[in-house]
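Read through the structure below, which is laid out as structure tokens, and then see the notes.
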Amino acid sequence: MLNFSVYFQEAVVEDPNENYRLRKCTMYYYLEDDTIHILETRIPNSGIPQGIFLKRHLVPKPDGIESYTWKDLNVGMDIDFYGRVFHVHDC
């Protein structure tokens, strides 16, 4: 299993003092079957739904033809999962 630290940017419309927030997640890549699982660390009393962000399954690339493999994951890159862009910042 490969373990990546990722984050995504979320727009905030209900607060005039905050335009966006970064949400930190952990992405797990399972080498045995090329599946991906993303969890967001739960922060008590944050008021934001957290936990499992992406259940473990084969994630198709935006072109819809192929699925992501370990060769597609590199530190410093942005990766698109179902229209949400995650930035990989640690492995």
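Over segment 41-91, Cα pairs under 8 Å with separation of 6+ residues give a relative contact order of 23 percent. Applying 1/(1 + (r/R0)^6) with r as the Cβ-Cβ distance of Leu31 and Ala11 and R0 = 35 angstrom yields a FRET efficiency of 0.55.
Electrostatic bookkeeping for His87 treats Lys and Arg as +1 and Asp and Glu as -1; over the other residues with beta carbon under 13 Å from its beta carbon, the sum is -1. May I ask which residue of Pro44, Ile65, Phe86 lies farthest towards the positive end of the charge dipole of the chain, with charges of +1 (Lys, Arg) and -1 (Asp, Glu) on Cβ and the Cα centre as origin? Of the listed residues, the answer is Pro44. Restricting the chymotrypsin sites (Phe, Trp or Tyr not before Pro) of the chain to loop positions (DSSP other than H, G, I, E, B) with no more than 11 neighbouring Cβ atoms within 10 Å leaves Tyr82.
Taking Ile38, Ile79, Ile65 in turn, the Gaussian network model of the chain (Cα-Cα springs below 10 Å) assigns the largest fluctuation to Ile65. Restricting the calculation to Cα atoms, the chain yields a radius of gyration followed by a Dmax of 14.0, 46 Å. Model label sites at Tyr82 and Ile43, defined 7 Å from Cα along the beta-carbon direction, differ in position by 2.3 nm. Quick one: net charge of Gln50's neighbours, Cβ under 14 Å, K/R +1, D/E -1? The answer is +2. Counting only aspartates and glutamates at least 8 places from Lys71 when in the same chain, those with an alpha carbon closer than 13 Å to its own are Asp34.
Quick one: if the Förster radius is 22 Å, what FRET efficiency do Lys24 and Lys71 give, using the C-beta to C-beta distance and rounding to 0.05? For R0 = 22 Å, the calculated efficiency reads 0.35. Where is the GNM fluctuation largest for the chain (alpha-carbon springs, 10 angstrom cutoff): Pro16, Pro60, Pro44? The residue with the greatest mean-square fluctuation here is Pro16.
Rule-based calculations on the coordinates, nothing more; no lab input. Everything numeric here is computed off the predicted structure, so don't read it as measured data. Cβ: placed from backbone, ideal geometry, glycine included. Neighbour counts: every protein chain shown.
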